[in-house]
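What follows is a short report on a single structure.
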């Protein structure tokens, strides 16, 4: 059993699908970013009019699969 997540920078740069050889992936994860938003309330709901993002603090990967054949590559990256 691997980790719950890996950092974006820990993703192997030579990764390829062992099943089909593809180097194209679908990654699920999260990241933290600073932002500034212009918003308004509309019938009790917050609506974003404009949002600007600034610096990204961190990015993590929870899952990864081959975008061509769908093979789960979690074990390949230590998840």
(request) Filter the range 1-24 down to residues that are within 30 Å of residue 51 (Cβ to Cβ) and either assigned to a loop (DSSP other than H, G, I, E, B) or within 11 Å of the chain's Cα centre (by Cα) (or both), then give me how many there are. (result) 7
(request) Please go through the range 46-74 and pick out each residue that is loosely packed, with under 11 Cβ neighbours inside 10 Å and under 17 Å from the mean Cα position of the chain (by Cα). (result) 53, 55, 57
(request) Give the number of residues within the range 12-53 that are within 12 Å of residue 65 (Cβ to Cβ) and in contact (Cβ under 8 Å) with a residue 60 or more places away in the chain. (result) 1
(request) Keeping to the range 44-70, report how many residues are in a loop (DSSP other than H, G, I, E, B) and either modelled with pLDDT under 95 or closer than 18 Å to residue 6 by Cα (or both). (result) 1
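The values are calculated or read from the model by the stated rules, or taken from the named source; none is laboratory data. Bear in mind the structure is a predicted one, so any value in this text is a computation, not a measurement. Neighbour counts are summed over all protein chains in view; Cβ atoms, including those assigned to glycine, are modelled from backbone coordinates with ideal geometry.
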